[in-house]
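Have a look at the structure below before the remarks.
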Amino acid sequence: MPGAASYQMYVWPETRAAAARFWSLIRKNYGAGDPELTEHEDPETAWTDPDLLFSQTCGLPYRHRLWDRVTLLGTLDYGVVGCPPGYYRSCIVVRADDPRNGVDAFRGATLARNSASSQSGWAALEAHLAETGAGFTLRDRVIDTGGHAASARAVADGQADLASLDAVTWRFLQRYDPVAARLRILAETRPSPGLPLITGRDVDPHPLFAAVEAAIAHLSPADRETLGVKAIVRIPSRVYLAEPLPYPLTRAGPA
């Protein structure tokens with residue numbers, strides 16, 4: 001039976017212990033799974049593990065290349081203000097003292113991007129530019145940083161002009177990282193489906209969904225506050241697949 005588990009998309013030193021207790025509750029309710037969460041240097045290793053039981057991926061890699069290789073388990077709701085349950089948005093941030101207002105003023109600017117495989121750090125921003133009629137893209141002036149926190153620091157330190165940060169990560173940055181005080185939100189993207197929980201291709205998702213649901217209900221108030229998890233919801237795969245892909249990515253499969 002598959003047993004590999006990871007939960008590292010919103011990992012911070014201050015949240016690791018709560019995440020471990022969350023997984024312990026899930027495992028107890030489900031009756032199977034590795035005793036401990038595994039952190040991978042490259043999360044793709046977890047998502048493509050033949051022994052995959054539980055992991056959290058990003059919406060962009062899910063709809064670009066994982067949707068037919070894994071099973072969509074559900075989506076955690078982090079209670080992002082202004083978003084439906086299970087949805088989130090990106091905060092487009094700039095230096096606090098940058099005098100420019102509005103995304104339109106950033107034509108030709110340098111973007112700090114966590115990854116070309118990021119929904120919140122890349123695809124959501126490109127969709128925002130297209131949907132608001134900005135008339136330009138930022139794909140030709142990009143610094144890839146490897147993480148949202150690193151993108152925030154790149155902007156704060158003047159290496160880039162702006163970054164698109166997952167709203168849940170922005171919440172954690174405000175809580176745990178002083179770099180947030182050096183930034184301000186320029187704009188927010190529209191809501192899109194949040195980070196999907198996935199399991200193995202041949203795993204029945206229903207008992208595992210129930211185990212996650214029960215685990216959330218039994219989290220201590222302190223752990224629930226630390227993780228920011230409110231509930232688990234079902235967002236159909238077709239809703240994820242309907243989100244646009246940033247150029248030049250293409251999807252082999254249904255739109």
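Among the residues making up the range 131-183, those that are among the acidic types (D, E) and farther than 24 Å from T226 by Cα are E131, D140, D144, D157, D161.
Within the range 96-134, the set of residues being touching a residue at least 12 places away in the same chain (Cβ under 8 Å) and either hydroxyl-bearing (S, T, Y) or at positive phi (or both) comprises G102, G108, T110, S115, S117, S118, S120, T132. Output the strands (runs of 3 or more DSSP E) that fall wholly within the range 181-255 and possess 1 or more residues being free of Cβ contacts under 8 Å to residues at least 24 places away in the same chain, acidic (D, E) and open to solvent by 60 Å² or more (accessible area, probe 1.4 Å), or say none. Per the criteria, no element qualifies. Annotation note: of L162, L173, L125, the sole residue that is closer than 23 Å to H64 by Cβ and open to solvent by less than 10 Å² (accessible area, probe 1.4 Å) is L125. Restricting A116, A160 to residues that are part of a loop (DSSP other than H, G, I, E, B) and either out of contact with any helix residue (DSSP H, G or I) (no Cβ under 9 Å at 6 or more places or on another chain) or more than 30 Å from S237 (Cβ to Cβ) (or both) narrows the list to A160.
Among the residues of the range 184-206, are any within 15 Å of the chain's Cα centre (by Cα), farther than 21 Å from A149 by Cα and of a type in the set (A, V, I, L, M, F, W, C)? Yes: one or more hits.
The values are calculated or read from the model by the stated rules, or taken from the named source; none is laboratory data. Just so you know, these numbers come straight off a predicted model, no measurement behind them. Neighbour counts are summed over all protein chains in view; Cβ atoms, including those assigned to glycine, are modelled from backbone coordinates with ideal geometry. Note: accessible area is taken over every heavy atom of the protein model, side chains too, but ligands, DNA and RNA are not part of it. Shrake-Rupley method; radii C 1.70, N 1.55, O 1.52, S 1.80 Å.
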